[in-house]
Amino acid sequence: MCRQEAFSGLLTSGNGVPYGSGSERNHRRAIPMKPRWLIAPNPSSMTLDGTRTFIVGRSQPAVIDPGPDIEAHINAIVRLLDGATPVMIVVTHNHPDHSAAAASLARITGAPIHPGGPCRIRTDMGEIDLIPTPGHTPDHLIAVWPAGRAVFVGDLLMGAGDTTLVAPPEGNLGDYLRSLDVLEALVTAAPAPAESDPAAGDPMPAGSRAVEPQAVESVEAEPVTLYPAHGPPITDPVAAIARYRRHRLERIRRVREALAEGLPSDPEALLDRIYGAGLDSRLRDAARGSLAAILEYINSR
Ligand SMILES: [Zn+2]
């Protein structure tokens, strides 16, 4: 059920035919498929409009990030599965807003829960490769779905803004920046589209009707879409990854600058200087954690 194989990357489809190769560009190729998803009713400043639970496949589906342990949400997932037993319940990382529903969903459906680490899953809509991308947490992974030209990025990126939480003790900034590189390598290995199509399924609040995956009519290579667990899909992955990296490097630069001016190597002391005194009180803890990760990163160099 969970085989570890050499990952072939987004450049190759499930049957080993390269996407967008010179000879193939002139021919109609497999049309990317779309995931279905639900948005859990757990909105907050950290989860945006709520955790997205993705379903890839129909008769042999995989569930990615079952979400918080909220009965209405779990019932909505079960309804969307429409009697199918998932081949795997995948959790991008073990934070409760992603993973807490896994046990209930496994009990109801009889599906196995992915134990963590690299893995290849076979659904009836193609294979999904789970690739470790630590940084937000040590166990974080992304799910690469070549047949859908899609990467489910968990909390590596959010669907809005330019930052995600990286804070000790779980978070590690060096790991995070390397994981952005891993994702960028996957995305840039795919050919650039001539014109971007917002390759998104329809979001649904938990409990609403199911939406069928829509095929995209195109003979050109489709762009890669990133599906974060929070916020809408990202259809400009290269720019988004660059934005997230730039934001973090700029923060590192400004902390180095403050230290060089003699400010103490202490998150509390740096908070107002880096984030400004007007920072939303609900975000101060996250900002303090983020500064701690930056200090750890600087001190480890
Ligand atoms: Zn998380």
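Relative to the present Cα-Cα distance, how much length would full extension add between SER59 and THR85 at 0.36 nm per residue of separation?
Numbers: separation 26, 0.36 × 26 = 9.36 nm, distance 0.76 nm.
My answer for the length gained is 8.6 nm.
Restricting things to alpha carbons, tell me how big segment 86-173 is in terms of Rg and Dmax, in Å.
13.5, 39
Could I have the simple spin-label model distance between HIS247 and ASN94, label points 7 Å from Cα toward Cβ, reported in nm to one decimal?
2.7
State whether segment 246-300 is rounded, prolate or oblate according to the following rule on the C-alpha gyration tensor (a ≥ b ≥ c being the square roots of its eigenvalues): a/c under 1.5 gives rounded; otherwise a/b larger than b/c gives prolate, and the remaining case gives oblate.
It comes out prolate by the Cα gyration axes.
If we count other beta carbons within 10 Å of each Cβ, what is the order of PHE54, PHE152, fewest first?
Fewest-to-most Cβ neighbours within 10 Å comes out as PHE54, PHE152.
Which of THR235, THR188 has the fewest other C-beta atoms within 10 Å, and how do the rest follow up to the most?
THR188, THR235
Could you please rank ARG178, ARG120, ARG52, placing first whichever residue has the fewest other Cβ atoms within 10 Å of its Cβ? The partial results should precede the final answer.
Working: ARG178 13, ARG120 17, ARG52 28.
Ranking ARG178, ARG120, ARG52 by Cβ neighbours within 10 Å, fewest first, gives ARG178, ARG120, ARG52.
In vacuum, with every alpha carbon of segment 19-177 counted as one equal point scatterer, what does the Debye formula give for log10 I(q)/I(0) at q = 0.11, 0.16, 0.17 Å⁻¹? Two decimals, please.
For segment 19-177 at q = 0.11, 0.16, 0.17 Å⁻¹, log10 I(q)/I(0) is -0.44, -0.89, -0.99.
Arrange the peptides 107-119, 163-175 so that the one whose residues have, on average, the most other Cβ atoms within 10 Å appears first. Don't skip to the end; give the middle numbers.
Details: 107-119: 15.5, 163-175: 19.3.
Going by the mean number of other Cβ atoms within 10 Å, highest first, we get 163-175, 107-119.
Values in this text are rule-based calculations from the coordinates and carry no lab data. None of these values were measured; they are calculated from a predicted model. Every residue, glycine as well, gets a Cβ built from its backbone with ideal geometry; the counts of neighbours run over all protein chains shown.
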